[in-house]
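Enquirer: Before I ask anything, here is the structure I am working with.
The values are calculated or read from the model by the stated rules, or taken from the named source; none is laboratory data. Because the structure is a prediction, the values reported are computed rather than measured. Because the Cβ atoms are built from the backbone with ideal geometry, glycine has one as well, and the counts that use them run over all protein chains shown.
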Amino acid sequence: MSWNDPNASSEAQKYDNPIPSRELILSTINEHGEITHQQLAKAFNIADPDQFDALGNRLKAMTRDGQVNRDGRPYRYRTVTQHDIVTGTVSAHPKGFGFVLLSDMPDLFLHEKQMRWVFNGDTVEAVGTSTDNRGRTEGRIVDVVERRQNHFIGTLAHDEDGYCVELGSPNNHQPITVTEDNVQAFNAKQGSPVKVDIIDWPNQHEFATGKITEVLSDDNDRELIIETTLLNYDIPSEFSEAVLNQANDYQEPTEKDLKGRVDLRDLPLVTIDGEDARDFDDAVFAEKRSGGNYRVLVAIADVSYYVTPNSPLDQNAYERGTSVYFPHQVIPMLPEVLSNGLCSLNPNLDRLCMVADIKISRAGKITSYEFYPGVMHSQARLTYNQVNAYLENPKDSSVPKSLTENKDVKKSVDTLHQLYELLLKKREERHAMEFETVETYIKFNEKGGIEAILPRTRGDAQKLIEECMLLANTCAANFALKNELPVLYRNHDKPDGEKSMRIHEYAKNFGLSFPEENPTQADYQRIIEATKERPDAISIHSMLLRSMMQANYSPDNIGHFGLAYDEYSHFTSPIRRYPDLMLHRAIKAEVTNTKQPVMDFSLEGAGMQTSDTERRAEKASRYVESWLKCHYMKDHVGEEFDGVVTTVTNFGLFITLTDLYIDGLVHISNVGDDFFVYDEQQQQLIGKDRGTVFGLGDLVKVKVAGVNMDLLQIDFGLQAKLQSSKMNQTKKDHSNRSSQLNQSATNKDQPKKSPAKKSGSRGGRGNSKKS
């Protein structure tokens, strides 16, 4: 060796042909600032090819372990500094890998080895190390800054190494070992659901250790999965004594509470909600004005009157960020004495409210608006079904007397419907998007099992309420911007270049143009309109929807791309969303000439917190719904169902069952007796030998092959293709010609049946975005 290495003796003991140690390499890189492999070898006078290659392998290992970073081509190596360290949240994947989620740069990919340290939701410091063959930046965890939770629910298991508690997704990569004495103390049986607390956290060499604190009953799987999900996603579900005491101290409004408020109790304000709604945070009223103009009042529960700044109620609401909705249960942001009581605009009761009083021209343009605190007295609790029935046939027996026999209420509802038809035209003019997608709900039987999965219908009643809420939200955003209020805006950015290019290529299938970058709402609406009557419209529109960016909260307004608004906020649901509560406080302070409240958090922090808690709630809700559907399908393994192809990937077809609206995968190895090639542009699997084509919207018959409750995946076997979608029928001749050309070019010795390509990852798909 011609280098002075303090670790030379240990290197010589390990290797016959030693190279510089990591410590020496790091100090040498530090001296140069940055250096290439070639330059480093020259610095060490390494001429031997084997040593040169060994040095390169060591540099790769040091990059992998986060000791050095490399940039450019050829790679230039530099030591990792504090500036390279980023802080983010761990998102675990059911298959064992994960990501560090970062707000201002691409997420870091974590291999299974890195995931040994952490649970889903932990906050970590990490460094990017290298880029894998899929273009992802790989990460190495430097430190765990904060653990998201230390209580879990899992299943007790036993093997030759002893007892452990196996967790469900998203922490199924982290078994927690427990002692035999602990198991015996609770008389816990293998396979029983148990609660476990962490004693020691995991490291690279050992799993976490814990202690069982409770053995749970699995008599009601539906209730157990809720409790498990709340723990796994760290969602608060119990209110502290201080929070409950504050909430319970409030009484029904008195004259003192009404001081300084506009009295709206004689107006025929009504609530219109779903049949199963329990909290009513918005009421509406509309009237015709001279010259064919309109006045509409959107009265929203004045939650800010009760949830005072920085109080226990407020701090808890900020921590929760939002109510969480499961198919059969709600975890409210506020205690029920408020959410279903004083802050709910229940009929025939005086209720405090914040009002958006909006004037609209007969052309549908907002001419003026004002906000003020008020008091109202709802004259009817109407449901969507009742109002839809009334709009179709006012004499329908299901229409309540509170609508038909109250002339003022009836006149207001008629005016609201006229206004809705006007606003619908304005919506079309600004090219706000209206995707053809299906939202479902689960109907349970008396025993808690799934009785049916049904589509939610959206009639004019739902749509007119939506338009009223959009009016209030946009006026509130405009007011906040004009007065520079400290609030959060609801932002929805336009699609990025990669997603735009994907839709650009896909739109060619319909003979439609779509820009490669910077699409407008009109570009999307053109495809929506051209395809909405097709039988595969839901599949097409779901793909369009997945190309959209995710909405979030921020103190900086950038507008809402999907709704086609230059300014947008959330004002209409302060019972269940914290950003709405913040907006109410700011507007009330402005219109009453009082001081803006000084909060314990920053606006930037509130934007991140409320966006994160919204994502958390969505993930938890989707997880429970997926679990319930998988649990239901376990009883239908071997049965056949009709379905439609809703997503095409290189590893198979995602099928949505026609009657149950449940998704599953036909893996490419089970698609058919052919060698299938994935055409990403046309979203098809094309058989090279027989010319069989599967694409979006194709109707198929499948058999339930299996259900994996750990991964929440349903596997289907393809039984038959029933019908091609219109789009795929038009491509059939082209595909057959391509197949013939491919077959003629194929080696004659190739067997007729080729093995289907398999993918190492199934992935997942989302089908909704919140506005």
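Enquirer: In the set Leu391, Leu424, Leu419, which member is assigned to a helix (DSSP H, G or I), modelled with pLDDT under 95 and surrounded by 13 or more Cβ atoms within 10 Å (Cβ to Cβ)?
Expert: Working: Leu391 fails: modelled with pLDDT under 95; Leu419 fails: modelled with pLDDT under 95.
Among Leu391, Leu424, Leu419, only Leu424 is assigned to a helix (DSSP H, G or I), modelled with pLDDT under 95 and surrounded by 13 or more Cβ atoms within 10 Å (Cβ to Cβ).
Enquirer: Something else: Being within 15 Å of Glu166 (Cα to Cα), among the charged types (D, E, K, R) and surrounded by 15 or more Cβ atoms within 10 Å (Cβ to Cβ) narrows it down to one residue among Lys195, Lys189; which is it?
Expert: Lys195
Enquirer: Taking segment 23-70, which residues are touching a strand residue (DSSP E or B) at 6+ places or on another chain (Cβ under 9 Å) and of a type in the set (Lys, Arg)?
Expert: Of everything in segment 23-70, those that are touching a strand residue (DSSP E or B) at 6+ places or on another chain (Cβ under 9 Å) and of a type in the set (Lys, Arg) turn out to be Lys60, Arg64, Arg70.
Enquirer: Consider Tyr568 against the criteria (1) assigned by TED's automatic domain parsing to the domain that holds Leu454; (2) outside any loop (DSSP other than H, G, I, E, B): it satisfies all of them except one. Which criterion is unmet?
Expert: (2)
Enquirer: Could you check segment 496-544 and list, in sequence order, the residues that are free of Cβ contacts under 8 Å to residues at least 60 places away in the same chain, in a loop (DSSP other than H, G, I, E, B) and closer than 28 Å to Thr440 by Cα?
Expert: Residue satisfying the conditions is Glu533 alone.
Enquirer: Taking the residues in segment 76-88 that are surrounded by fewer than 16 Cβ atoms within 10 Å (Cβ to Cβ) and polar (S, T, N, Q) as candidates, determine which candidate is modelled with the highest pLDDT.
Expert: For segment 76-88, the residue satisfying everything is Thr87.
Enquirer: If Pro495 passes every condition in (1) within 23 Å of Ile300 (Cβ to Cβ); (2) surrounded by 18 or more Cβ atoms within 10 Å (Cβ to Cβ) but one, which one does it miss?
Expert: Of everything listed in (1) within 23 Å of Ile300 (Cβ to Cβ); (2) surrounded by 18 or more Cβ atoms within 10 Å (Cβ to Cβ), Pro495 misses just condition (1).
Enquirer: In segment 543-563, what residues are of a type in the set (A, V, I, L, M) and under 13 Å from Asn473 (Cβ atoms)?
Expert: Selection gives Ala551, Leu563.
Enquirer: Of all residues in segment 48-73, which are at pLDDT 85 or above and either of a type in the set (A, V, I, L, M) or part of a strand (DSSP E or B) (or both)?
Expert: Within segment 48-73, Ala54, Leu55, Leu59 qualify.
Enquirer: Just one of the numbered conditions (1) surrounded by 15 or more Cβ atoms within 10 Å (Cβ to Cβ); (2) farther than 26 Å from Asp249 by Cβ; (3) out of contact with any Phe, Trp or Tyr (no Cβ under 8 Å at 6 or more places or on another chain) is not true of Ile272; which one?
Expert: Exception for Ile272: condition (3).
Enquirer: Sticking with this one: Tally time: how many residues in segment 549-577 are under 18 Å from the mean Cα position of the chain (by Cα) and either of a type in the set (Val, Ile, Thr) or under 11 Å from Ser304 (Cβ atoms) (or both)?
Expert: Selection size over segment 549-577: 0.
Enquirer: Tell me whether segment 444-453 contains one or more residues that are crowded, with 17+ Cβ neighbours inside 10 Å and either under 26 Å from Asp273 (Cα atoms) or at pLDDT 90 or above (or both).
Expert: Yes.
Enquirer: Sticking with this one: Please pick out the residue among Ser290, Ser304 that is surrounded by fewer than 16 Cβ atoms within 10 Å (Cβ to Cβ) and hydroxyl-bearing (Ser, Thr, Tyr).
Expert: On the way: Ser304 fails: surrounded by fewer than 16 Cβ atoms within 10 Å (Cβ to Cβ).
None of the other options fit; the residue is Ser290.
Enquirer: Looking for whichever is of a type outside the set (Val, Ile, Thr), in contact with a strand residue (DSSP E or B) (Cβ under 9 Å, 6 or more places away or on another chain) and either more than 30 Å from Glu590 (Cα to Cα) or at pLDDT 85 or above (or both) here; the options are Arg534, Arg502, Arg490. Which one fits?
Expert: Within the list Arg534, Arg502, Arg490, the selection yields Arg490.
Enquirer: So, Tyr372, is that one of a type in the set (Ser, Thr, Tyr) and either farther than 17 Å from Ile465 by Cβ or in contact with a Pro (Cβ under 6 Å, 6 or more places away or on another chain) (or both) or not?
Expert: When the stated conditions are applied, Tyr372 passes them.
Enquirer: Can I ask one more? Could you tell me how many of the residues in segment 301-330 are over 24 Å from Ile226 (Cβ atoms) and out of contact with any His (no Cβ under 8 Å at 6 or more places or on another chain)? It would help to see each step written out before you state the result.
Expert: Going residue by residue through segment 301-330, those that are over 24 Å from Ile226 (Cβ atoms) are 301-312, 314-315.
In the following step, the residues that additionally are out of contact with any His (no Cβ under 8 Å at 6 or more places or on another chain) were identified as 301, 305-312, 314-315.
The qualifying residues number 11.
Enquirer: Quick check: anything in segment 472-484 assigned to a strand (DSSP E or B) and under 30 Å from Met608 (Cβ atoms)?
Expert: no
Enquirer: Oh, and also: What tally of residues in segment 89-108 results from selecting those that are buried (at least 20 other Cβ atoms within 10 Å of the Cβ) and either over 19 Å from Pro202 (Cβ atoms) or of a type in the set (A, V, I, L, M) (or both)?
Expert: 4
Enquirer: Quick check, is Lys595 surrounded by fewer than 21 Cβ atoms within 10 Å (Cβ to Cβ), modelled with pLDDT of 95 or more and either assigned by TED's automatic domain parsing to the domain that holds Ile331 or not in a strand (DSSP E or B) (or both)? Show your work before the answer.
Expert: Values: surrounded by fewer than 21 Cβ atoms within 10 Å (Cβ to Cβ): yes; modelled with pLDDT of 95 or more: yes; either assigned by TED's automatic domain parsing to the domain that holds Ile331 or not in a strand (DSSP E or B) (or both): yes.
Yes, satisfied.
Enquirer: State which residue pairs qualify: first residue without any contact (Cβ under 8 Å) to a residue 60 or more places away in the chain and under 25 Å from Met115 (Cβ atoms) and inside segment 50-77, second residue assigned to a helix (DSSP H, G or I) and small (Gly, Ala, Ser) in any location, beta carbons under 9 Å apart, and separation of 6 or more residues or different chains.
Expert: Gln67/Ala61
Enquirer: Shifting gears a bit: Just checking, how many residues over segment 375-387 are surrounded by fewer than 20 Cβ atoms within 10 Å (Cβ to Cβ) and in a helix (DSSP H, G or I)?
Expert: Adding up the residues that qualify gives 1.
Enquirer: Sticking with this one: Quick one: which of Tyr325, Tyr369 is hydroxyl-bearing (Ser, Thr, Tyr) and more than 22 Å from Leu424 (Cβ to Cβ)?
Expert: Tyr325
Enquirer: Strands (runs of 3 or more DSSP E) wholly in segment 210-306 with at least 3 residues that are at pLDDT 95 or above and within 28 Å of Lys365 (Cβ to Cβ) - which ones?
Expert: Numbers: elements: 271-273, 282-288, 294-301.
Of the strands (runs of 3 or more DSSP E) lying wholly inside segment 210-306, those with at least 3 residues that are at pLDDT 95 or above and within 28 Å of Lys365 (Cβ to Cβ) span 282-288, 294-301.
Enquirer: Out of segment 102-144, which residues are out of contact with any Gly (no Cβ under 7 Å at 6 or more places or on another chain), more than 23 Å from Arg58 (Cα to Cα) and among the β-branched types (Val, Ile, Thr)?
Expert: Residues satisfying the conditions are Val118, Thr123, Val144.
Enquirer: Among the numbered criteria (1) touching a Gly at 6+ places or on another chain (Cβ under 8 Å); (2) surrounded by fewer than 21 Cβ atoms within 10 Å (Cβ to Cβ); (3) of a type in the set (A, V, I, L, M, F, W, C), which single criterion is violated by Val337?
Expert: (1)
Enquirer: Which ones in segment 163-181 are out of contact with any Cys (no Cβ under 7 Å at 6 or more places or on another chain) and either in contact (Cβ under 8 Å) with a residue 60 or more places away in the chain or buried (at least 19 other Cβ atoms within 10 Å of the Cβ) (or both)? Explain how you work it out, then say what you get.
Expert: First, pick out the residues of segment 163-181 that are out of contact with any Cys (no Cβ under 7 Å at 6 or more places or on another chain): 163-174, 179-181.
Across segment 163-181, the qualifying residues are Tyr163, Cys164, Val165, Leu167, Gly168, Ser169, Pro170, Asn171, Asn172, His173, Gln174.
Enquirer: Another question, if that's okay. Just the residues that are surrounded by 12 or more Cβ atoms within 10 Å (Cβ to Cβ), under 25 Å from Pro106 (Cα atoms) and modelled with pLDDT under 90, please, taken from segment 142-162.
Expert: Val142, Arg148
Enquirer: Part of a strand (DSSP E or B), of a type in the set (Ser, Thr, Tyr) and out of contact with any Lys or Arg (no Cβ under 9 Å at 6 or more places or on another chain): does that describe Thr155?
Expert: Taking the combined requirement at face value, the residue satisfies it.
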